[in-house]
Structures are given as C-alpha cells and as structure tokens.
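Everything on this sheet refers to the single structure shown next.
The values are calculated or read from the model by the stated rules, or taken from the named source; none is laboratory data. All values reported here derive from a predicted model rather than from experimental measurement. Here the Cβ positions follow ideal geometry from the backbone for every residue, glycine too, while neighbour counts run over all protein chains shown.
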Amino acid sequence: MSPIGTMLDSVKTDSKKVVTNTAINAFVSMVLVVNDENEAGIHEWVTRTMLKMSVEERLRHKLVTNGLYFAIVPQTYAGTFDAYIDQLEATPPSKFREQLFAGYDYVFDRYQDEMPDRKKPDWEHALISAKNYVAQLIEIFGEDRADVEIETKAYEYVIDPPALKQLVVSHIRWFWNTHLKSEWERVLPMLIESANAFNSQNLDGMDREELFRFITGKEKNDSKWINFIEPANELYFLPNPHIGPYIRTAIVRDTAYVIFGAHLPEGSNIHIPELDRTEIVSKLSALADDTRLTILRLLAERGEMRSTEIMDEIKLSQPSISRYLAQLTANGYLNEKRVNSAKVYTLNFDRIEKTLHAVAAYLSVRKN
C-alpha cells in the first residue's frame, strides 16, 4: 500500500516555492525501493538498490516501508535525514502504533465518500489476532491492495511497540548508511539547481493549479491532484531524483507538499546534463515496452478509446491494462478524462514530440 497523504507538521520557509528538504525527499526515495518490479520511468538507482539487497533485506524493507508506513513518516520538519532518524529514536514506542493507526484512520476518512458501506476501523478488535488485523486493513484499502503476508508479519510488531521501534529505527538507519546516504550526497547539488531554476521564474502570478502544472509538467486534463493542494494554506514542491514521472503528495494541517521528478523549467536556458539525461531515460523507458507501444498505436489510429475497449482489444486483464495506462498517463503520453464514470484516453502527440526533441537536443553536442 502506498497512501497519498502523510502527516507531516507544517514547515515555514521563505518565499521559495520549490525546496529540497532532505528528510522528506529522501524518505520518498527510500519508500520507492519496495516494489517487486520497477515502474516505467523510475530511476535506475531504485532497481540497482533492490538488486544489492538480499531476499531477507528486501522483505524487511518492505515490512518497514509498506507494512509500517504510517509509523515512520516524518512527523515534524527534521531538515536532514540524520535528524529524522534521531527523531525516530526519541519517539516513545507507543507513539509509533498511535501514528500507524492515525494514518489508517486518515485513509479511511479520505475515501469514505467513495465507499460509504465500510465500517469505521475498530483497532481494539483488530489487535485481538493477526486475522482480525489483516481483515481490518482489507476493509480500509480493499483486498487487491492489502499484502496479507506483509501485514500478518507487521501485526507481530504492532502488538509489541518496543520491538516495532527497534525494528524501524535500526532498519532505516541501516538503509540510510548502506544505500541512500552516498546517493543523496551525489544528487543533492542537482536538486538544489533544479529548485533554484524554478524559483528564479516568475511564479507569484500563477494560481495553484497553474503552479502545479508548470512545476510538475502535468498536462491540462490531469487534474486529480488539485483537490489535494487547494485546501492547504501553504504549498511547497520538492524535486526528487528517483521518482521519475510520478507524483507523491503530503498534506497535513495547513501545508501541502508535492514531490515530483527533478527537472528544469520548460524553456529554461540552463542545462544540467544529468537532469536532462534522467528525464529522457524516464520518458523513453515508458516507450520501451511492446504493450505500451501497442496502446499508443491503437489510440493514434482511433483517436479516443475507453479503458474497457483497450482491454478487449489487447486481451489483457483489467489490472494489467490499468497499470499500463497509468504509466503512460504519468509520463504524459496519454490524456485521461472521465465520460459517464468511464475513463477515456487520447494520445498526447505534443508530449511525444517534446520527448523526441529532447533526445535530439541532448545528442546535438558538437565538438569545435
């Protein structure tokens, strides 16, 4: 499960809209290293890191970052990742379980209108047995998003808060020192340049939707994130080196954070070779798949198709088609809209042309 919202305390900064914030940003990168297979466009560091880990280490990482996710999200503005770990160390064991349940309650409340028949979580009943605990999470997230094996293992720690604290603190410190610290030291200057490039633009005249689209590069029809940022009193954007074309949001109290794939403003005369290369690799990886290319070809021929029509044409399951469509939409190659509750897709020729232009520009270096 990868919930959208987190429970970060409000953080006051200066007038800059784009910030680096290592604690929150590196936390997102850490959580990325949990999927069994790489999403199209995610930075290769994620896959390389997973391959370096043993089977036992991967399972432990998935347990901590997935099964105990809400117990470990940064609760205050820590600044550095070491400070975030220190805050975890200073947290009373019982607080981890409180934060975990508060996170699940948040998700339940967030989606209650969409699934009104669900019963409010009863954590006292859930703690009676692993079976009850997993059933409660299935009630919140749905059967297709609940990992029974991981959640059953998580239950062993949820009923033993001191063991839960020892597990998460030791594992996160290990992951930071073994895998993430050196990588973050490498990418931080690039993230600062990305943030500075955006902050040098005239952002004050934009409303929140315009700001979101300008900074993240999401197209006009991709409006699903706007509802998350509109109610917030303050809004900040964090360029992340590993997330590729995907978006994560954190909304707490009066502040919203949007984590997006690090890049430069469109039309910028600044060139950072690694940023350019990373963005190109992210975009091209979405095309380097026979099924995704088939979907693009279908839409090029027919102009507009419902997701069910694409599924019938390609003869794949609904979850598989949904995943491919989500990947292509995240990369901007498809426009998505709802027509009578059905998702309808069209090809975004402009984004394809921009991708090809970016490749040509990157390779156009000439020696004198």
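Considering only the stretch 322-349, state which residues are over 20 Å from the mean Cα position of the chain (by Cα) and in a helix (DSSP H, G or I). Passing the criteria: only Phe349. Candidates are the residues of the stretch 219-234 that are surrounded by fewer than 18 Cβ atoms within 10 Å (Cβ to Cβ) and within 26 Å of Met190 (Cβ to Cβ); the one that is modelled with the highest pLDDT is Glu234.
Note on the stretch 130-159: among residues that are over 19 Å from Pro319 (Cβ atoms) and free of Cβ contacts under 8 Å to residues at least 12 places away in the same chain, the one that is surrounded by the fewest Cβ atoms within 10 Å (Cβ to Cβ) is Lys131. Taking the conditions exactly as written (closer than 19 Å to Val34 by Cβ, basic (Lys, Arg) and assigned to a helix (DSSP H, G or I)), does Arg58 satisfy them or not? Yes; evaluated as a whole, the condition is true for this residue.
Restricting attention to the stretch 160-203 and to residues that are of a type in the set (D, E, K, R) and without any contact (Cβ under 8 Å) to a residue 12 or more places away in the chain, the residue that is surrounded by the most Cβ atoms within 10 Å (Cβ to Cβ) turns out to be Asp160.
Residue count for the stretch 333-350, restricted to those that are in contact with a helix residue (DSSP H, G or I) (Cβ under 9 Å, 6 or more places away or on another chain) and more than 14 Å from Leu299 (Cα to Cα): 1.
Whenever a residue of the stretch 335-353 is closer than 20 Å to Arg213 by Cβ, its partners that are among the aromatic types (Phe, Trp, Tyr), lying with C-beta atoms within less than 7 angstrom and at least six residues away or across chains, give the pairs Asn335/Tyr345; Glu336/Tyr345; Asn348/Tyr333; Arg351/Tyr333; Ile352/Tyr333. The residues on offer are Gly332, Gly303, and the sole one that is at positive phi, at pLDDT below 85 and not assigned by TED's automatic domain parsing to the domain that holds Gly261 is Gly332. Suppose the filter is within 30 Å of Thr178 (Cβ to Cβ), in contact with a helix residue (DSSP H, G or I) (Cβ under 6 Å, 6 or more places away or on another chain) and in a helix (DSSP H, G or I); does Phe108 pass it? No; evaluated as a whole, the condition is false for this residue.
Within the stretch 242-265, being modelled with pLDDT of 75 or more, more than 15 Å from Val18 (Cα to Cα) and not hydroxyl-bearing (Ser, Thr, Tyr) holds for His242, Ile243, Gly244, Pro245. Being modelled with pLDDT of 95 or more and in the same structural domain as Thr249 (by TED's automatic domain parsing), is that true of even one residue in the stretch 101-120? Taking every residue of the stretch 101-120 in turn, at least one turns out to be modelled with pLDDT of 95 or more and in the same structural domain as Thr249 (by TED's automatic domain parsing). Scanning the stretch 133-156 for residues that are touching a Phe, Trp or Tyr at 6+ places or on another chain (Cβ under 9 Å) and not aromatic (Phe, Trp, Tyr), which turns out nearest to Trp225 (Cα to Cα)? Step by step, filter the stretch 133-156, then rank; the result is Ile140. Is it the case, given these coordinates, that His43 is closer than 22 Å to Glu185 by Cβ, modelled with pLDDT under 90, of a type outside the set (Asp, Glu) and crowded, with 19+ Cβ neighbours inside 10 Å? In short, yes.
Among the residues that make up the stretch 313-321, is at least one of them outside the structural domain of Ile24 (by TED's automatic domain parsing), in a loop (DSSP other than H, G, I, E, B), under 27 Å from Ile226 (Cα atoms) and small (Gly, Ala, Ser)? No, the conditions are met nowhere in the stretch 313-321. Name the residue that is farthest from Ala26 (Cα to Cα), counting only residues in the stretch 47-70 that are surrounded by 19 or more Cβ atoms within 10 Å (Cβ to Cβ) and within 14 Å of the chain's Cα centre (by Cα). Residue satisfying both the conditions and the ranking: Tyr69.
For the stretch 261-285, which residues satisfy the criterion of being in contact with a strand residue (DSSP E or B) (Cβ under 8 Å, 6 or more places away or on another chain) and of a type in the set (A, V, I, L, M, F, W, C)? Ala262 - this is the single residue of the stretch 261-285 that is in contact with a strand residue (DSSP E or B) (Cβ under 8 Å, 6 or more places away or on another chain) and of a type in the set (A, V, I, L, M, F, W, C).
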